[in-house]
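To start, the structure under review is shown below, and the notes come after it.
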Amino acid sequence: MNFDVVVIGSGPGGYVCAIRCAQLGMKTAIIEKYPTLGGTCLNVGCIPSKALLDSSEHFHNASHNFDKHGIGTSKLSLDMKQMIARKNSVVSQTCDGVKYLMDKNNITVFEGVGSFVDKNKVKVSNGKDETILETKNTVIATGSKPNYFPGMEPDKDRIITSTEMLDLEEVCQNLIVIGGGVIGLELGSVQARLGANVQVVEFADRIIPTMDKDCSKELTKVLKKEGFKFSFKTKVQKVENTGKGVKVTALDKNDKEVVFEGDYCLVAVGRKPYTEGLGLENVGIKVSDRGQIEINDHLETSVPGVYAIGDVVKGAMLAHKAEEEGVYVAELMADQKPHLDYNLIPGVVYTWPEVAAVGKTEEELKEAGVSYKAGSFPVKALGRARASMDIMGMVKVIAHAETDEVLGVHMVSARAADMIMEAVTAMEYRASAEDMARICHPHPTYTEATKEAALAATGDRALHI
Ligand code: FAD
Ligand code: NAD
């Protein structure tokens, strides 16, 4: 069978790339080793975690906030089996949607493991048959798997990764989370809202350590209210399954041994690129020390005509980054001149309130020696926030000291995941803080905090504080 392009992996990078290739007239095939399409994102990542975050948020509001609105719930109950079943149904509907899109765009789907025979031949093996696909171009979009360090190997029973946690049909009593990054805080939030004690053990001196420092501080306050406990500057050494629970041994900042005991341990210390079984050695494609497929500025590997995108290459491990790279590569193969600005890829943490950011942090600008001015505005000063009782959070706008160009926007706020798009759009068009401040924002909304922070960044001009 002959194709113009073969895409290996059907996550958001791979399936979006395949659609764009087909739209541009290429005869396209996609290979996926699992029976459902959609990759990590749809099956065991973005979609199932958000389904559980929404369910647990409803439970938390019903148990903690409804009474303040004057709504009584006589006896609240929790059916975890149903919560997981609803999540599974959301996942399966979303995966079916990808299958529909493949059919609609005449993309041939192969189930099996894709591996290189040579630069223009990819083999699909499904345990029974082997099919050889001849292709002009290949896109590797094989994604990532949970990472762990020696001593914390997941046993998938009590020592689990996000994949097992998304199927857990019980509320933990004491959940130990290794890693205060995105997965630890999102899945920890699900359990905390349902009543679990959550202990986060984090190696760095704060949670979400790559994001804005003030956002970390604010989110720490929020999560402590939800019942989280944090141990910072603490490095996990060993995790043991004791039968009915787990024992986590770590070294604190003074190199003193500390022990945490719980019923489950979630290992959330990052993800690693997945290249097993691809036969990269058959084509001479190089992998970096971190396991990432090496690419040039046009996402092409050392072998011409073979591209790599998404979690399997350098950069943020985010679904929308993978999607943009998929479109970029498709358009490049069609001799177009696509453009991708990595500085403008927003990041979101789906706690409640949410954390969202785009562009540079103050720490990054200081390190780069760029002079800037920053303006912040607290969410609690908004009428909208008081009406809904979501008063935690703040928005920060950072602008260049001389030109006033917006360089970064960082926020903790209800609905921040959606609010951040105003900042992304503004920065795409190289707006100044003054531009953002002069745009009329609807009242009452959370977006007024962005306007006020922009006013604060252009001088001491915030109106409502
Ligand atoms: P993947 O989605 O990992 O897909 C790769 C696919 O390739 C897989 O289906 C795999 O089976 C297949 N494959 C691998 N090798 C082969 C082979 N040899 N042959 C055939 N098929 C193969 N990102 C966000 O932006 N927002 C979020 O809210 C978010 N939440 C997340 C929550 C969790 C719990 C996790 C784990 C991740 C989350 N992410 C989120 C990250 C996001 O899921 C990834 O960044 C994204 O899925 C990467 O897309 P990808 O296409 O590169 O790879
Ligand atoms: P992460 O990189 O966000 O966080 C891992 C944390 O573990 C870091 O804070 C790190 O300091 C800490 N750590 C590492 N080793 C440790 C040790 N020995 N002891 C204690 N702490 C240790 O990784 P993650 O949370 O596993 O998420 C993986 C990827 O998935 C991320 O890159 C993220 O982009 C993606 N993801 C995104 C979303 C989202 O966009 N909302 C949600 C979930 C996952």
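The values are calculated or read from the model by the stated rules, or taken from the named source; none is laboratory data. Being a predicted model, the structure only gives us computed values, none of them experimental. Glycine also receives a Cβ, built like all others from the backbone with ideal geometry; neighbour counts cover every protein chain displayed. Just so you know, the surface numbers come from the protein's heavy atoms only, side chains and all, with ligands and any DNA or RNA stripped out. Shrake-Rupley method; radii C 1.70, N 1.55, O 1.52, S 1.80 Å.
Solvent-accessible surface of the chain, taken per residue with a 1.4 Å probe and all protein chains present: 46 Å².
By accessible area, using a 1.4 Å probe on protein heavy atoms only, the chain has 50% of its surface on carbon and sulfur. The equivalent ellipsoid of segment 22-145 has semi-axes of 43, 14, 12 Å, largest first, where each one is the square root of 5 times an eigenvalue of the Cα gyration tensor. For segment 355-426, GluC sites (Glu not before Pro) are listed when DSSP marks them as loop and at most 11 other Cβ atoms sit within 10 Å of their Cβ; the list is GLU402. Under the convention that each Lys and Arg Cβ holds +1 and each Asp and Glu Cβ holds -1, the size of the dipole of segment 159-269 around its Cα centre is about 460 debye.
How would you rank 137-143, 179-185, 54-60, 433-439, highest first, on the average number of other Cβ atoms within 10 Å across their residues? Walk me through the numbers before you get to the answer.
On the way: 137-143: 27.9, 179-185: 24.7, 54-60: 17.3, 433-439: 20.0.
Sorting 137-143, 179-185, 54-60, 433-439 by mean packing, highest first, produces 137-143, 179-185, 433-439, 54-60.
Among SER231, LEU101, LEU166, pick out the residue whose Cα is farthest towards the positive end of the charge dipole of the chain, where Lys and Arg carry +1 and Asp and Glu carry -1 on C-beta, about the Cα centre. Working it through, the farthest residue towards the positive pole turns out to be SER231. Excluding same-chain neighbours fewer than eight residues apart, the aspartates and glutamates reachable from LYS128 by a Cα-Cα span under 19 Å are GLU32, GLU111. With all projection directions averaged, the alpha carbon convex hull of the chain covers 24.6 nm².
The packing ranking of peptides 168-176, 317-325, 4-12, highest mean first, is 4-12, 317-325, 168-176, where packing means the average number of other beta carbon atoms within 10 angstrom of each residue. Of the peptides 349-355, 389-395, 231-237, the order by per-residue mean of other Cβ atoms within 10 Å, starting with the highest, comes out as 349-355, 389-395, 231-237. Expressed as a fraction of 2.2 N^0.38 Å, the C-alpha radius of gyration for segment 346-457 is 0.99. For a straight C-alpha distance cut-off of 17 angstrom, the aspartates and glutamates reachable from LYS233 (same-chain residues fewer than eight places away being disregarded) are GLU202, ASP205, ASP252, ASP255, GLU257. Annotation for segment 40-109: trypsin sites (Lys or Arg not before Pro) lying in DSSP loop with at most 12 further Cβ atoms inside 10 Å of their Cβ are LYS75.
With 29 Å as the limit on Cα-Cα distance, the pairs of LYS123/LYS286; LYS321/LYS380; LYS75/LYS224; LYS87/LYS217; LYS104/LYS337; LYS119/LYS145 that go past it are LYS321/LYS380; LYS87/LYS217. Magnitude of the charge dipole for the chain, about its Cα centre and with charges confined to Cβ atoms of Lys, Arg (+1) and Asp, Glu (-1), is about 860 debye.
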